[in-house]
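Asker: Take this structure, written in structure tokens, and hold onto it; I'll ask about it next.
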Amino acid sequence: MANVAKKVSWSGREQLEEDGESTPLLNGTSSAGAQPLRQQYSSPKLYRIGQLSTVDLTDENQELEETELSTTFTKEIPHNENLLSLKYESLDYDNSENQLFMEEERRINHAAFRTVEVTRWVICGMIGIFTGLIACFIDIMVEKLAGVKYQVIKDNIDKFTEKGGLSFSLLLWAALNCAFVMVGSLIVAFIEPVAAGSGIPQIKCFLNGVKIPHVVRLKTLMVKVVGVILSVSGGLAVGKEGPMIHSGAVVAAGISQGRSTSLKKDFKIFEYFRRDTEKRDFVSAGAAAGVSAAFGAPVGGVLFSLEEGASFWNQLLTWRIFFASMISTFTLNFFLSIYNQKPGDLSNPGLINFGRFDTDENSYQYFELPIFMFMGAVGGMLGALFNALNHCLTTFRIRYIHRRFLQVIEAMLVAAVTATVAFVTIYYSTDCQPLRQDDTDYPLQLFCADGEYNAMASAFFTTPEKSVRRLFHDPPGSFNPQTLGVFTILYFFLACWTYGLTVSAGVFIPSLLLGAAWGRLFGILLTIVPNGVSWADPGKYALMGAAAQLGGIVRMTLSLTVIMVEATGNVTYGFPIMLVLITAKLVGDYFVEGLYDLHIKLQSVPFLHWEAPVTSHSLTAREVMSTPVVWLRRREKVGVIVDILSDTSSNHNGFPVVENTVDSSRPSRLCGMILRSQLIVLLKHKVFVERENLSLVQRRLKLKDFRDAYPRFPPIQSIHVSQDERECQMDLTEFMNPTPYTVPQDASLPRVFKLFRALGLRHLVVVDNHNRVVGLVTRKDLARYRIGKNGLEELDLAQT
């Protein structure tokens, strides 16, 4: 029995249990895998599976428990994605319509409602401005740092090419890469691990209703921005566009709340929006603004937020999100024009500019459409292979590379290997091309003749964004087929190894670069085969290959089509790009899921998809619900409430409220629902019946008191309740939600799922024919059912 260190994943929470202690799993079993339905269960055990990274426990309730749990042991079993984590809590996207809420809404007149609506537009505009400024800062810093690095290496290579001793240039290149990546990995691993990667899976989970701790904090944003600058400048096979989506979401979450809990600064503005429902809508706008700033695609940003991000949507939200996206791309465009000393020249709408595709030169014929679809199928298969390899690699990291210093060492190793691979391929490349006036910023001559440059260096020896643009727009003959073939193979494995490192990085640009390389190679091969064709422009096929590869990895269709069309500035390619992406998704889905969905599943997140499993109609709410239910009476003793909230074995967050009865052993008629957070605020302010009768309560509690405590409600351990106060009564009538959503116990699983998913619920009460509470449906009760190899399967629930 080994002592397990703090090893946590996105949740940032330590899970340690004493040896031999068992915690009942909801309808769970003692097996670690998914079980066929209706199996008899026995001797439930608590499982703990491997974790991905480490964080310092900063939440108050975790700090209070840390001293008690520091000496405990736990049984660790190999990571198994057929488990569903109990550690993730749900966000509450349904407003609690208690008496306080209804009184406030009745006081707001029509003019006040219009003011609230105008405020929403103002916040969306601010989200766009700040997201654009962050994108501008990232772009300028990457250009400066990468420029200095590549210029130093180029001068060194040119110097030692003549003298001999190019091994020193290799060491310099690897050392500079390692230095940048080491700093970027250190701040992620030791300061904010949730800032690793692109952040898109975490934002998808947040918008789906899963609470991922620290995901929208100011510290996360700062680490994300600095980390992505260093990882891109460090020469890794990563892009800076993906993290912009996470950055925009954090900006939106911070601005919309009118305060910073990290800085402990409250600006006393936007207090009306301090609830999960409003924050969700603004985070959707922030994610869209991030896409818009990254690609210069405001419409694509809206569609991305709809397709990949937002689980809940309404028509009024669409215009506000589009407004934020437009402001974001305009802000980036405006400030980059000033930086480039061309004020008013708004020709840089996004972090990556594909360049305009001239229809006359790059037009396509109708008979090319089957060729494009074939490229989509190739992209789907390569994407499936990429995702499968990365899935295996991420599982290995979760099991064995969970210590922080090991994560930093791995990131430095990848940086050194990337530099070495690039240098060796450039060194042995014989693809020399004549130097043109508009050629690469850092042309390497090496052993090429005067007036020529190494074509392999133009792909490796620059930032990925510039490499993509060269593959799109360099004239025919700029790359030999051997160069593109070698680059495609090497970059495929480098990008696959890099995604999942403890650095802030995205997969969008590496996917585009990889696809552009083999797409251009495909176009060249069409021209050099016997009876070669003249209509196969390499740049056109590079664009289709890029779309196929990115679609095969992330499985986006609608939004990615619009993003590619907006980024190329040519709507003519909309139809072939759509065909390519649909084909890539269909072929890729046949083999394995998309990359983001795989990483969500690897973290055992209770993610709810759009629909319930197709064969789940045989299940009813009675079989799905959690029982027994911990319920409270309308007027309850304070001691009972404190004991329930302090019970670490249950850790419930919602409690049905029932009518007062003499017989407390039998459930009574449901009369409301109250949350843990509400009870904690009531205990903190000591809203007891006896104190109210004696006029000891200074003022009546308002909705503002609950909003001021949001989102970091104090833990129950921090609230002192004396022995005399434990005997007092607490009247929950005014604070409970008197109209919670309920379902009869015979309702089918798809019906329960649709109600729960569409309304963004956190709890759904199951009642009998007499409206008595018989069970409670939560997110984990629904998420544990999925279609597997053997049909409908039920996942075990475990502390992971």
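Asker: Please tell me which of these pairs span more than 18 angstrom C-alpha to C-alpha: Lys265/Lys702; Lys601/Lys789; Lys204/Lys601; Lys211/Lys279; Lys211/Lys780; Lys601/Lys780?
Answerer: Lys265/Lys702
Asker: HN-Hα J couplings of region 672-682 from phi, Karplus 6.51/-1.76/1.60, θ = phi - 60°, integer Hz, Gly and Pro as x?
Answerer: Each residue's phi maps through the Karplus curve to give x, 9, 9, 9, 4, 4, 5, 4, 5, 5, 5 Hz.
Asker: Give me the dipole magnitude in Debye, nearest 20, for region 134-208 about the Cα centre, with unit charges on the beta carbon: positive for Lys and Arg, negative for Asp and Glu.
Answerer: In total the dipole reaches around 80 debye.
Asker: Where Lys and Arg each count +1 and Asp and Glu each count -1, what net charge lies around Trp121 among other residues with Cβ under 14 Å from its Cβ?
Answerer: Within the 14 Å Cβ shell, the charges total 0.
Asker: Ordering Lys780, Lys264 by accessible area with a probe of 1.4 Å, largest first, what comes out? List each step's numbers first, then the result.
Answerer: On the way: Lys780 30, Lys264 175 Å².
Listed by decreasing accessible area, they come as Lys264, Lys780.
Asker: For region 368-594, report the accessible area per residue in Å² (1.4 Å probe, heavy atoms, rounded to an integer).
Answerer: Spelled out: the 1.4 Å probe surface of region 368-594, per residue, equals 36 Å².
Asker: Please give me the summed charge of the neighbours of Ala612: other residues whose Cβ is under 9 Å from its Cβ, Lys and Arg +1, Asp and Glu -1.
Answerer: +2
Asker: Report, to the nearest whole %, how much of the accessible area of region 80-218 belongs to carbon and sulfur atoms, 1.4 Å probe, protein only.
Answerer: Carbon-and-sulfur percentage of accessible area, whole number: 65.
Asker: Given Cα pairs under 8 Å that are at least 6 residues apart, what percent is the relative contact order of region 368-594?
Answerer: Working: 335 pairs, mean separation 72.0, N = 227.
Value for region 368-594: 32 percent.
Asker: Then there is this: Which value, in Å² rounded to 10, gives the accessible area of Tyr400 with a 1.4 Å probe and all protein chains present?
Answerer: 130 Å²
Asker: Here is a follow-up. In whole Hz, with x marking every Gly and Pro, tabulate ³J(HN,Hα) for region 89-101 from phi via Karplus 6.51 cos²θ - 1.76 cosθ + 1.60, θ = phi - 60°.
Answerer: 8, 9, 8, 10, 8, 10, 5, 7, 8, 7, 4, 5, 5
Asker: Let me ask something else about it. Per residue, how much accessible area does region 159-202 show when a 1.4 Å probe rolls over the protein heavy atoms, in square angstrom?
Answerer: So region 159-202 comes to 39 Å² accessible per residue, rounded to a whole number.
Asker: With +1 on each Lys and Arg Cβ and -1 on each Asp and Glu Cβ, how big is the dipole of region 368-594 about its Cα centre, in debye rounded to the nearest 20? Walk me through the numbers before you get to the answer.
Answerer: Working: 12 positive and 14 negative charges, 154 e Å.
That gives region 368-594 a dipole magnitude of about 740 debye.
Asker: Here is a follow-up. Take the solvent-accessible surface of the protein heavy atoms, probe 1.4 Å, and return the percent of it on region 368-594 that carbon and sulfur atoms account for.
Answerer: Values: 5510 of 8070 Å².
Summing carbon and sulfur atoms, their accessible area is 68 percent of the total for region 368-594.
Asker: A further question follows. What number comes out for the charge environment of Leu526, summing +1 per Lys or Arg and -1 per Asp or Glu over other residues with Cβ under 10 Å away?
Answerer: Counting the neighbours of Leu526, the net charge comes to -2.
Asker: Going Cα to Cα from Lys163, which lysines come in below 19 Å? Please leave out same-chain ones fewer than 8 positions away.
Answerer: Lys154
The values are calculated or read from the model by the stated rules, or taken from the named source; none is laboratory data. These numbers come from a predicted model, not from an experiment. Here Cβ is always computed from backbone atoms with ideal geometry, including for glycine, and neighbour counts include all displayed protein chains. Ligands, DNA and RNA are excluded from the accessible area calculation, which covers all protein heavy atoms including side chains. Shrake-Rupley method; radii C 1.70, N 1.55, O 1.52, S 1.80 Å.
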